[in-house]
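Here's the structure, in structure tokens; my notes come after.
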Amino acid sequence: MPRTVRSGLIQCANARSDGSVKEIQEAMFEKHIPLLEEAARRGVQILCLQEIFNGPYFCPAQTPDWYDAAEPVPGPTVERLQKFARQHQMALVVPVYEREMAGVYYNTAAVIDADGTYLGKYRKNHIPQTAGFWEKYYFKPGNLGYPVFKTKHATIGVYICYDRHFPEGARLLGLSGAEIVFNPSATVAGLSQYLWKLEQPAHAVANGYFMGCINRVGTEAPWNIGKFYGHSYFVDPRGNVLAEGSEDRDELIVADLNLDLIEEVRRVWQFYRDRRPETYENMVKQLP
């Protein structure tokens, strides 16, 4: 029998723009509940939510108000979703704004196993700092490397948004045994849109694994930096898109991933056998 894992992605527009930070977060969490329940009904075994799922993408501003959105990981949001994971035997990737200590914050994804066990977290390593995406104001670069997580259903890794432009971490996830790499993102129409369907299939092919790629939808007030264009998708180790979301709807995207394909593909494309790490020394030097 094929080793098949039913996997899901949720793309969603922000729920509200007025009120306190905590009220906005709670509204977004509540908006996800019907989509979480749909995932359970459809038998999803591993589900990934979008970047900082329980709120808007607040990085177009540079204001300390949004520091109030940060929480410990594990913390209250992870604990709420641990119960859901346990009830439905569903592993979850839960991206939130993490507070490590006063003044130290990370863009983080927690990983919960199908029995509700908290397995660990990934902290976004590559932090952009450009118009509309002032992320260095809010996030310290990750310091946990590129961990993989052995869930009940598959071994998974996480990249977050801007990370996708960097091949080095994508390769390290493959070397560590990731079978599926999830990339929750927040990206608007414009400069990077053509890369959305270029880079991540390339990572999947170069590293011989599946990827689940999420982008949120809608235009978020009060910043209005552009339209989050959705098109969340799954891609296989051959670069084939298996399922894709719409441009503008809140929805659950589901695909059945045949993990046996990883072995099949890697027996043809022997990238791990033919690597030459002894020739890559300059990649870890700070060259001009």
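The values are calculated or read from the model by the stated rules, or taken from the named source; none is laboratory data. As the structure is a computational prediction, the values presented were derived from the model and not from experiment. Counting neighbours? That spans all protein chains shown, and the Cβs are built from the backbone with ideal geometry, glycine included.
So which residues in region 40-73 are part of a helix (DSSP H, G or I) and closer than 25 Å to Thr155 by Cβ, if there are any at all? Outline the logic, then answer.
Taking region 40-73 as the starting set, the residues that turn out to be part of a helix (DSSP H, G or I) are 40-41, 64-69.
Selection gives Ala40 alone.
Residues of region 242-288 that are at pLDDT 95 or above and basic (Lys, Arg): Arg249, Arg266, Arg267, Arg273, Arg275, Arg276. Counting the residues of region 74-110 that are crowded, with 23+ Cβ neighbours inside 10 Å and in a loop (DSSP other than H, G, I, E, B) gives 1.
For region 161-186, a residue qualifies if it is within 13 Å of Ile127 (Cα to Cα), surrounded by 14 or more Cβ atoms within 10 Å (Cβ to Cβ) and not hydrophobic (A, V, I, L, M, F, W, C), and the qualifying residues are Tyr162, Asp163, Arg164, Ser185. The single condition from (1) in contact with a helix residue (DSSP H, G or I) (Cβ under 9 Å, 6 or more places away or on another chain); (2) surrounded by 22 or more Cβ atoms within 10 Å (Cβ to Cβ); (3) closer than 20 Å to Ala243 by Cα; (4) not polar (S, T, N, Q) that Leu9 fails is (1). Cβ-Cβ contacts under 7 Å between residues 6 or more apart (or on different chains), taken from a first residue in region 91-105 that is on the phi < 0 side of the Ramachandran plot to a second residue that is surrounded by 20 or more Cβ atoms within 10 Å (Cβ to Cβ) and among the acidic types (Asp, Glu), are listed as Ala91/Asp113; Pro95/Glu51; Tyr105/Glu98.
Every condition in (1) under 21 Å from the mean Cα position of the chain (by Cα); (2) loosely packed, with under 13 Cβ neighbours inside 10 Å; (3) under 23 Å from His153 (Cβ atoms) holds for Glu37 except the one numbered (2). Scanning region 131-160 for residues that are among the aliphatic types (A, V, I, L, M) and surrounded by 14 or more Cβ atoms within 10 Å (Cβ to Cβ), we see that the one that is farthest from Gly226 (Cα to Cα) is Ala154.
Condition first: aliphatic (A, V, I, L, M) and modelled with pLDDT under 95. Can you find one or more residues in region 7-30 that meet it? No, region 7-30 contains no residue that is aliphatic (A, V, I, L, M) and modelled with pLDDT under 95.
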